[in-house]
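These notes are about the structure you will find just below.
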């Protein structure tokens, strides 16, 4: 407990000096939590291990052989999946605690090594041929199933990422892979659809009572995919009015969500994306007026200051039902 709070409690005579001394002594001797530090190191370890596998493949491809490397990576992935299934808790529609401290990281390692094995297999032997969508569809289905069966938000994030990749490849495979045509209208429209879909899923999950704690993961992907897709439609496709309307509706929805769910994160994200879209509309509609550098300088200074002031006083906007 911070000293100012103790001081206020003493002034209000809510505690006696002896209790304040005991609290101060307890706080000074309380162990320091390393929970998030250890989780970060474990995730970093999983990432570095996968990087090491990729480097090993690159350095020893001529001496070890493709088949041996694939078997090695497959064995690591299979071992991780075996451990995850062997130690899993019974399925529940609610949140499930990890059975062991390293359970989530071993499962994540299994999923990442599976992707490495599949990608290596496709690159070397072309097991899927030119059906690139199938190469992402199989791990996508696997990861979504594992995420719900084993209750893992990291694997769910991989599944959502593969879903976005699969939709992009399915919609425009030739332009995406051969021409790198990322300004394609189909990709932008798919992004808007996917972002809206990922935004709706959490509300359905909460209504049906299935994995409610996955909501933040879905919404985090949904808000960025939806907002970036609408901005791409405005800037890359030139359909400013249509996509600006979609952007306004999206910003309004997430402002409502931030206000009702007491979320500073979604408030900040909605305000920043809305500011980018509004600024772009202002610039393209004032180009012919030749307002000059000074006008835009004042606009950016004053508007940025306004955004900072608004976010600094977020408590006046966000509902707080707590006493």
(request) Kindly list the residues of region 256-286 that lie in the label zone of residue 316, defined by a backbone N under 17 Å from the point 7 Å along the Cα-to-C-beta vector. (result) 259, 268
(request) Hey, could you get me the Stokes-Einstein D for region 204-322, Kirkwood radius over alpha-carbon pairs, 4 °C and 1.567 mPa s, rounded to whole µm² s⁻¹? (result) 81
(request) Please report how far the C-alpha centroid of region 124-163 lies from that of region 215-287, rounded to the nearest whole angstrom. (result) 28
(message) Between residue 210 and residue 307, what's the calculated FRET efficiency when r is the beta-carbon distance and R0 is 41 Å? Round to 0.05.
(response) 0.65
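Laboratory data are not the source of any read-out in this text; all were calculated from the coordinates shown. Values in this document were obtained by computation on a predicted structure and should not be read as measured data. For neighbour counting, all protein chains shown are included, and Cβ atoms are generated from backbone atoms with ideal geometry for every residue, glycine included.
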